[in-house]
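Notes follow the structure.
The values are calculated or read from the model by the stated rules, or taken from the named source; none is laboratory data. Everything numeric here is computed off the predicted structure, so don't read it as measured data. In this analysis, Cβ positions are derived from the backbone assuming ideal geometry, glycine residues included, and neighbour counts consider all displayed protein chains. All accessible areas refer to the heavy atoms of the entire protein, side chains included, with ligands and DNA or RNA removed. Shrake-Rupley method; radii C 1.70, N 1.55, O 1.52, S 1.80 Å.
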Amino acid sequence: MKLIFATHNQNKIEELKKLVPSHFSILSLTDINCHKEIEETGSTLEENATIKANFIKYKYGLHCFSDDSGLEIDALNGAPGVYSARYASEAKNNEENIKKVWEKLKGNPNTKAQFRTVIAASFDKNIQLFEGIVKGNIIFEKRGQGGFGYDPIFIPESYNKTFAELGDTIKNTISHRALATQNFLNGLNQLKKS
Ligand code: ITT
């Protein structure tokens with residue numbers, strides 16, 4: 001079964017392909033020749049995921065899903081959250097984003113944070129939302145070479161290594177995206193049975 005994943009982010013496509021059973025064929029926006037950057041104008045992860053799924057649904061009439069993820073830091077009232085990619089500037093620069101997190105959190109003993117993913121799936125008339133959360137802590141140095149984004153400064157609960165140190169195999173079993181994807185696949189199975 002073909003599923004369009006409404007993203008241009010190759011890291012996310014590769015991560016997701018490893019999570020999804022092989023009878024699903026995951027296509028990116030590039031694969032369907034959609035080179036448009038879908039504007040994420042929502043003020044929540046839910047809104048942004050829905051905007052992207054609706055765009056593909058109405059423009060291409062294809063089964064699709066989209067996700068939006070963000071890092072939510074307790075002491076910053078959930079920031080950067082929906083603005084994670086552009087936290088420091090429109091340039092979407094990981095280095096700058098991480099520096100801004102450190103600046104904002106400086107001296108604060110509460111380093112608790114979570115990554116949260118919302119998947120919006122469009123298979124029938126309605127959009128269905130699925131969520132995945134991984135809790136952890138921010139550290140004030142960068143550790144590890146794997147992953148992307150804020151991975152080098154995030155240590156998930158029950159581990160003593162960052163997502164960037166843990167590597168894809170472990171990250172893909174415990175991450176926010178893995179959990180949201182699992183919920184989404186369960187939902188898809190339910191849909192096929194009903
Ligand atoms: P899209 O084109 O699909 O929107 P994106 O890069 O904007 O791709 P997200 O909206 O899912 O990706 O995530 C927003 C930002 O949150 C992303 O640019 C990272 O800075 C951060 N982020 C999300 N998931 C992450 C992860 O698994 N590890 C580290 N940072 C992550």
* **Surface accessible to a 1.4 Å probe, per residue, for the residues of region 102-163, Å²** => 54
* To do: Over the chain, calculate the relative contact order: mean separation of alpha carbon pairs under 8 Å at least 6 apart, over the residue count, as a percent.
  => 17
* Whole-percent carbon and sulfur share, accessible surface of the chain, 1.4 Å -> 48
* With just the Cα atoms of the chain, tell me how far they stretch along each of the three principal axes, in Å, largest first. => 51, 32, 26
* By how many nm would the segment from residue 39 to residue 103 lengthen if fully extended, with 0.36 nm per residue of separation less the alpha-carbon distance? -> 20.2 nm
* Per DSSP H run of at least 4 residues, take -39500 (n - 2.57); add these up for the chain, divide by its residues and hand me the 222 nm value, nearest 500 deg cm²/dmol. => -11000 deg cm²/dmol
* Please quote Rg/Rh for region 139-194 to two decimal places, taking the Kirkwood radius as Rh and restricting both calculations to Cα atoms. => 1.16
* Asked: Which residues in region 43-77 place their backbone N less than 15 Å from a point set 7 Å from the Cα of residue 31 along the Cα-to-Cβ direction?
  -> 62-67
* Asked: In this model, which of 18/106; 12/161; 36/92; 12/59 are farther than 28 Å apart at the alpha-carbon?
  -> 18/106
* **Residue-wise HN-Hα coupling along region 22-38, computed from phi with Karplus coefficients 6.51, -1.76, 1.60 (Hz; x: Gly, Pro)** => 5, 6, 9, 9, 8, 10, 8, 4, 4, 4, 9, 6, 9, 9, 7, 8, 6
* Mind listing the phi-derived Karplus ³J(HN,Hα) values for region 143-153, rounded to whole Hz, using 6.51, -1.76 and 1.60 with θ = phi - 60°, and x for any glycine or proline? -> 10, x, 10, x, x, 7, x, 8, 3, x, 10
* **Solvent-free Debye scattering, log10 I(q)/I(0), computed from the Cα coordinates of region 73-163 at q = 0.10, 0.12, 0.24, 0.26 Å⁻¹** => -0.29, -0.41, -1.30, -1.46
* Theoretical FRET efficiency, 1/(1+(r/R0)^6), r = Cβ-Cβ of residue 75 and residue 143, R0 22 Å, to 0.05 -> 0.60
* **Heavy-atom accessible area order for 116, 143, largest first, 1.4 Å probe** => 143, 116
